[in-house]
Every structure is written in structure tokens, then in C-alpha cells.
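The values are calculated or read from the model by the stated rules, or taken from the named source; none is laboratory data. Predicted model only: the values in this text are computed from it and were never measured. Quick reminder, even Gly has a Cβ in these numbers, built from the backbone with ideal geometry, and neighbours come from all protein chains shown.
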Amino acid sequence: MSSRQADAALLALALLLAGCGATVSTKGSVTAPPAAATEAREARIAEVTRALLALGPSVDPAEAARAARIAVEVPLARARDWQVTDPPLVHNFKVVNGLRDKGVCQDFADALEIALAGERFRTLELHRAIANARNLKLEHATVIVTASGAPMESGLVLDPWRTGQGRLWVGRVTEDPDYHWESRAAVRAWHAAWKARTKAGT
């Protein structure tokens, strides 16, 4: 194996170990600046607002508009703070190897959840979700929003990591082409049960 081939193999291995499961949705324009032009950003906020309102008639329009602005703007700000300028897996590699402090999917999900939770919405409910927890693919974390009291499966995925550089991916939980989402609580319970079985040798 040549030196170049060895370097490529090591990079591929590092990316696999970097966490957050990338899919085909990470393809596309990854060289765009982290903050979109004001007009494009406002159009995106309006689009996300409409998607949140579509969760049900009980959703307050003002809350949907606030949540949409946070969901679009906070990840872009964190991407600037964390110097996220690369595609998702490349940035994960940098975090794992100490070249960047933050910017993996969990960091984006944490930041978005904290910002949204601070609004204390009455008509919207937040859920933390994990994909790929029960298979060989790498886990991926995100925030899901539903109408208050509605099941997570009826919600909207707000994923700031998947597309890269803090740009928000939005879609219905049941229509996500790349990930099958479970609640974080369910995944933690499954992990605990698995560890107990392993310890017991069953």
C-alpha cells in the first residue's frame, strides 16, 4: 500500500469513528458560507414556520415563528462559534482529533434544544431523538418538535448537523429518508437493558 493509500485509509477510518451517522443527505453544496444572505434566511424561517404550523391547529402562530427563527439562526451562530466550515464528517474528524472543540451532531442538538426550551412554549413540545442506536451505523442525535401533547412520531425533525455548517434540515419524522428516530429515553432504556443482560451473561 502506498503512502497516499495509507493516508486515505486512515482518514476513512477516522471519519467512521467520528460519530454522527452521515447519509446521502450530506451531499450538496458544502462550500457555502455559514450564514446565508438575509433574504434567503428569512425565506427559510418562513418555510419552517409553515411546517411548524402544519403540526396542528393548536399551534400558536407566534410560537411557531419564534421557534422557526431559533431553529434557523441558532445553529448558524453556533457553526460560526465552533468554526464549522467543512462537511459534517470532516468536521467530526477535527473534533475527535482535537482540532475543533465542538460541532458534532450532539453539540448542535444540545444547543438547539437549550435555545428552544428557553422559550417555554405552550403549544409546542420538544423531544430529543436518536437514530441508529441499535445497529452498526453511527448514532445520530437531533431535536423533534410536535404540537403539545402529540406523540414524537407526529413531529418535525429539526436537524442542524446533517446538511453541514449549521444549515437546518427539516422534515416529518415518518418521512425522513435517512434516519429512523427513537426517543432518547427509549434508547437509554434499551442500552441499560443490554448492559444488564451482558453483565449477567445472558
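Listed values, structure above:
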{"item": "Ala79 being touching a Pro at 6+ places or on another chain (Cβ under 7 Å) and crowded, with 21+ Cβ neighbours inside 10 Å", "result": "yes"}
{"item": "Those helices (runs of 4 or more DSSP H) lying entirely in segment 51-143 with at least 2 residues touching a strand residue (DSSP E or B) at 6+ places or on another chain (Cβ under 7 Å) and modelled with pLDDT of 95 or more", "result": "61-81, 105-117"}
{"item": "Filter result (more than 15 Å from Cys20 (Cα to Cα) and hydrophobic (A, V, I, L, M, F, W, C)) within segment 91-142", "result": "Leu99, Ala111, Leu112, Ile114, Ala115, Leu116, Ala117, Phe121, Leu124, Leu126"}
{"item": "Index of the failed condition, Ala22 passing every other in (1) among the hydrophobic types (A, V, I, L, M, F, W, C); (2) part of a helix (DSSP H, G or I); (3) at pLDDT below 95", "result": "(2)"}
{"item": "Which listed residue, of Leu53, Leu126, Leu116, is free of Cβ contacts under 8 Å to residues at least 12 places away in the same chain, within 19 Å of Gly155 (Cα to Cα) and in contact with a helix residue (DSSP H, G or I) (Cβ under 7 Å, 6 or more places away or on another chain)", "result": "Leu53"}
